[in-house]
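Read-outs: derived from the displayed coordinates by stated rules, not from any lab. Predicted, not measured: the structure shown is a model, and the values here were computed from it. Here Cβ is always computed from backbone atoms with ideal geometry, including for glycine, and neighbour counts include all displayed protein chains.
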Amino acid sequence: MIRCYIALGSNLGKPREQLLSALAALRSLADTTLVNCSRFYGSIAVGPGQQDNYVNAVAAIDTTLTAEQLLTALQSIESQHQRRRDVRWGPRTLDLDLLLYGESSINTDTLCVPHPRMHQRDFVLRPLADIAPVKLLQSEFGGINSATFKDTDDLWVLNDNDQSQSA
Ligand code: ROI
């Protein structure tokens with residue numbers, strides 16, 4: 001079994017429900033166990049132009065799928081959620097990014113792991129810090145620590161009972 005981390009993001013449709021539905025899809029993926037998921041975060045869109053706020057989270061899975069098979073499975077879950085790939089950096093119903101595949105470094109035309117932009121993105125690092133082992137956070141991420149993070153104007157923890165869809 002390989003321990004993998006997957007970033008989830010949505011800012012179209014009902015973002016929270018998109019994430020819950022994506023987690024259900026991950027849970028029923030063949031040869032894969034959903035191990036854990038971070039809290040859900042609201043976040044201001046990073047990137048050009050004006051976009052609605054996102055809901056972001058990070059999930060941990062154990063899988064015997066190869067990285068390529070996993071990527072294909074993630075893309076198929078995105079398609080099931082009406083993901084369109086027309087606008088780069090554009091709004092999306094569901095984005096599933098493979099952050100880490102065990103300790104592998106992968107660099108092919110289709111796949112780059114560890115995800116090349118994850119270290120700069122608080123909307124990835126902060127949920128990751130909820131669930132990743134301290135050892136991994138120390139070795140890969142300079143010791144980021146869930147306990148030292150505070151809500152900011154750009155990124156905040158969503159309460160489970162907060163039903164607002166505006167993130
Ligand atoms: N911004 C936020 N806050 N969250 C995301 O998941 C996200 N995903 C993206 C871009 C457009 C870069 N911006 C984002 O792909």
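Ellipticity at 222 nm from helices only: DSSP H runs of n ≥ 4 in the chain, each -39500 (n - 2.57), divided by the residue count, give -8000 deg cm²/dmol.
Projected label points at GLN75 and ASP31, each 7 Å from Cα along the beta carbon direction, are separated by 1.7 nanometres.
Can you sort THR110, THR63 by how many other beta carbons sit within 10 Å, fewest first?
THR110, THR63
Within the chain, the proportion of Cα pairs with more than 29 Å between them is 13 percent. When each of the peptides 141-147, 128-134 is scored by the mean number of other C-beta atoms lying within 10 Å of its residues, the order from highest to lowest reads 128-134, 141-147. Normalised by the number of residues in the stretch 1-119, the mean separation of alpha-carbon contacts (under 8 Å, six or more apart) gives a relative contact order of 36 percent. Rounded to the nearest 20 debye, the dipole magnitude of the stretch 72-147 is 220 debye, with +1 charges on Lys and Arg beta carbons, -1 on Asp and Glu beta carbons, and the Cα centre as origin. Between ASP160 and HIS119, the distance separating the two model label sites (each 7 Å from Cα on the Cα→Cβ line) works out to 3.5 nm.
Only Cα pairs under 8 Å and 6+ residues apart enter the sum, and on that basis the relative contact order of the stretch 9-76 stands at 35 percent. Using only alpha carbons, the stretch 95-139 has a radius of gyration to Kirkwood radius ratio (Rg to Rh) of 0.96.
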